[in-house]
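Take a look at the structure below.
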Amino acid sequence: MPEFLPIRLGVNIDHVATVRNARGGRHPDPLGAAQIAIAAGADGITAHLREDRRHIVDDDVARLKEYIAKPLNLEMAATAEMVGIAKNLRPHAACIVPERRAERTTEGGLDVAGQRDALRPAVGELTASGIRVSLFIAAEPAQIEAARTIGAPVIEIHTGAWCDAVAAGNNAAATAEFDRIVRGAALAKSIGLEVHAGHGLDFATAETIAALPGIVELNIGHFLIGEAIFDGLAAVVRAMRAAMDRGRAKAGAPGSRASR
Ligand code: PXP
């Protein structure tokens with residue numbers, strides 16, 4: 001059986017800041033959560049600095065960059081303000097996401113195909129600053145091709161629609177969405193892009209998607225922070241790491257999607 005790259009876990013700590021901001025002050029501190037997640041097996045930390053600073057704030061990303069021992073992935077909109085912040089901060093990676101003020105979370109993928117000219121300079125400036133850029137997109141061929149065209153080395157596939165279909169028990173939709181992810185990941189890999197995935201993942205969906213050998217990183221937030229209320233963050237990160245490792249062990253197994 002072929003050996004596949006291990007799959008990395010990026011823990012998104014935005015919602016630690018959501019809880020903190022509900023009261024103001026400094027508790028609970030996203031930096032403390034990041035350190036616990038790393039000690040429990042996270043390969044990196046993801047934080048989304050939104051234009052409205054609804055959870056993570058500038059001081060959080062500055063302290064994360066300074067104090068965590070693993071790579072920081074900054075999620076950001078492709079605005080002049082955010083590109084400037086990223087160029088000063090120099091996180092390991094930046095994931096460009098669409099942002100709409102009224103949304104509760106990042107609801108859809110970035111329209112790279114429709115905004116090539118607007119996105120290309122941001123990708124170029126971040127890359128020139130030594131930041132590895134990824135684009136958060138739906139697993140659509142046009143978006144994947146466009147990501148490569150404007151020079152992004154990495155895409156992150158939006159798994160939200162698949163996870164919603166799984167959670168709703170809609171098997172037909174879940175199968176269709178998963179097929180789309182499988183095909184998208186294969187296409188992206190075939191044209192030289194590194195492939196990540198995220199949004200809405202839980203233990204079961206993370207285990208399933210970890211079996212796709214072309215996907216090398218999952219970014220997971222809301223579920224982990226929610227589960228941490230019951231079991232503690234360290235235990236939950238360890239359980240997620242174990243779920244992903246179980247999934248990865250199935251990659252390439254006879255009859256698996258990934259082996260085809
Ligand atoms: N990846 C990206 C690009 C995101 O915007 C988000 C949400 O901030 C996530 C992953 C994590 O999604 P969730 O919090 O649903 O796990």
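Take residue 210 and decide whether it is surrounded by fewer than 23 Cβ atoms within 10 Å (Cβ to Cβ), hydrophobic (A, V, I, L, M, F, W, C) and over 21 Å from residue 97 (Cβ atoms).
On the way: surrounded by fewer than 23 Cβ atoms within 10 Å (Cβ to Cβ): no; hydrophobic (A, V, I, L, M, F, W, C): yes; over 21 Å from residue 97 (Cβ atoms): yes.
So residue 210 fails the test.
Give the residues of segment 15-31 that are on the phi > 0 side of the Ramachandran plot and open to solvent by less than 60 Å² (accessible area, probe 1.4 Å), sorted by residue number. Give the derivation first.
Of the residues in segment 15-31, the ones on the phi > 0 side of the Ramachandran plot are 24-25.
Within segment 15-31, just 24 meets the criteria.
If the requirement is being touching a residue at least 12 places away in the same chain (Cβ under 8 Å) and loosely packed, with under 13 Cβ neighbours inside 10 Å, which of these qualifies: 81, 99, 125? First the steps, then the outcome.
Details: 99 fails: loosely packed, with under 13 Cβ neighbours inside 10 Å; 125 fails: loosely packed, with under 13 Cβ neighbours inside 10 Å.
Exactly one residue qualifies, and that residue is 81.
Given the criteria away from the ligand (no atom under 15 Å from the Cβ), at negative phi and part of a helix (DSSP H, G or I), does residue 245 qualify?
When the stated conditions are applied, residue 245 passes them.
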(message) For segment 140-149, give me the residue count where each residue is touching a Gly at 6+ places or on another chain (Cβ under 8 Å) and either within 19 Å of residue 82 (Cα to Cα) or open to solvent by 10 Å² or more (accessible area, probe 1.4 Å) (or both).
(response) 4
(message) If I ask for residues that are closer than 18 Å to residue 206 by Cβ, over 15 Å from the mean Cα position of the chain (by Cα) and of a type in the set (D, E, K, R), which ones from segment 137-178 would you list?
(response) 164, 177
(message) Considering only segment 235-245, I want to know if a residue exists there that is modelled with pLDDT of 95 or more, under 28 Å from residue 142 (Cα atoms), in contact with a helix residue (DSSP H, G or I) (Cβ under 6 Å, 6 or more places away or on another chain) and surrounded by 15 or more Cβ atoms within 10 Å (Cβ to Cβ).
(response) no
(request) Quickly run through segment 80-136 and pick out the residues that are basic (Lys, Arg) and over 17 Å from the mean Cα position of the chain (by Cα). (result) 87, 90, 100, 101, 116, 120
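The values are calculated or read from the model by the stated rules, or taken from the named source; none is laboratory data. Predicted, not measured: the structure shown is a model, and the values here were computed from it. No Cβ is skipped: glycine too gets one built from the backbone with ideal geometry, and neighbour counts run over all protein chains shown. Quick note on the areas: whole protein, heavy atoms, side chains included, nothing else; ligands and nucleic acids left out. Shrake-Rupley method; radii C 1.70, N 1.55, O 1.52, S 1.80 Å.
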